[in-house]
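Please read the structure below before turning to the comments.
We did not get these values from a lab; they are worked out from the coordinates using the rules stated. Because the structure is predicted, anything quoted here is derived from the model rather than measured. Quick reminder, even Gly has a Cβ in these numbers, built from the backbone with ideal geometry, and neighbours come from all protein chains shown.
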Amino acid sequence: MKPSSLWREFRDFAIKGNAIELAIGLVLGQAFTKIVNSLVTDIILPPIGWLVGNVDFSDLYILLKAGASAPPYASLQAAKEAGAITLNIGLLLNSIINFVIIAWALFWVVRGIGRLRAPKPVPAPAPTTKECPYCFSSIPIKATRCPYCTSHLEAPDAAAQ
């Protein structure tokens with residue numbers, strides 16, 4: 001395979017609509033994640049922590065093994081700096097709340113897109129035939145005489161009156 005044809009094939013792949021849409025989606029997703037992280041850590045968790053008794057959820061941890069300096073540690077960061085082994089429950093809680101918010105927002109985005117893409121209901125076409133009341137044959141709707149049994153039918157205007 002010639003390098004020029006390989007380059008052309010790669011270029012065609014890279015500029016396809018799906019590859020570009022995927023790249024844009026990833027960049028927007030990353031930006032959206034930063035917004036949600038800020039929403040959780042800066043807006044949602046502080047009032048909850050205040051209601052629970054001035055708890056900073058990012059500092060919630062369970063000490064498994066003390067580090068070089070003796071516990072208690074003032075924060076998770078202090079425990080890590082001392083070399084302590086911890087279960088970081090507050091960080092897990094932040095991640096769970098982030099996930100729930102992102103999932104909820106994506107649910108609404110996908111639902112809205114689904115409604116935009118849903119086919120519009122097409123009204124049923126007006127009938128073009130009717131049934132002869134005498135022989136029950138299908139005849140044109142404007143007919144005043146049945147072509148099968150030759151019965152006289154009401155004129156369409158007379159039926160409306």
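Below, the figures for the structure above:
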{"item": "Residue of Ser69, Ser95, Ser137 that the Gaussian network model of the chain assigns the largest fluctuation, springs spanning Cα pairs under 10 Å", "result": "Ser137"}
{"item": "Test item: Cα-centred dipole of the chain, Lys/Arg +1 and Asp/Glu -1 on Cβ, debye", "result": "600 debye"}
{"item": "Summed side-chain charge close to Pro71 - residues other than Pro71 whose Cβ falls under 14 Å, Lys, Arg +1, Asp, Glu -1", "result": "0"}
{"item": "In degrees, nearest ten, helix 89-117 long axis to first principal axis of the chain (Cα)", "result": "20 degrees"}
{"item": "In degrees, nearest ten, helix 17-38 long axis to first principal axis of the chain (Cα)", "result": "50 degrees"}
{"item": "The chain, helix-only ellipticity at 222 nm - DSSP H runs n ≥ 4, -39,500 (n - 2.57), divided by all residues, nearest 500", "result": "-16500 deg cm²/dmol"}
{"item": "Extension reserve of the Ala143-Trp104 stretch, reckoned as 0.36 nm per residue once the Cα distance is removed", "result": "8.2 nm"}
{"item": "Percentage relative contact order, region 98-151, counting C-alpha pairs under 8 Å, at least six apart", "result": "19 percent"}
{"item": "Qualifying trypsin sites (Lys or Arg not before Pro) for region 1-42 [loop in DSSP, other Cβ within 10 Å: at most 12]", "result": "Lys16"}
{"item": "Relative contact order (%) - the chain, alpha-carbon pairs under 8 angstrom, separation at least six", "result": "12 percent"}
{"item": "Quarter of Cα convex hull surface for region 24-161, i.e. mean projection, nm²", "result": "19.1 nm²"}
{"item": "Cα centroid separation - region 1-51 against region 71-112, whole Å", "result": "21 Å"}
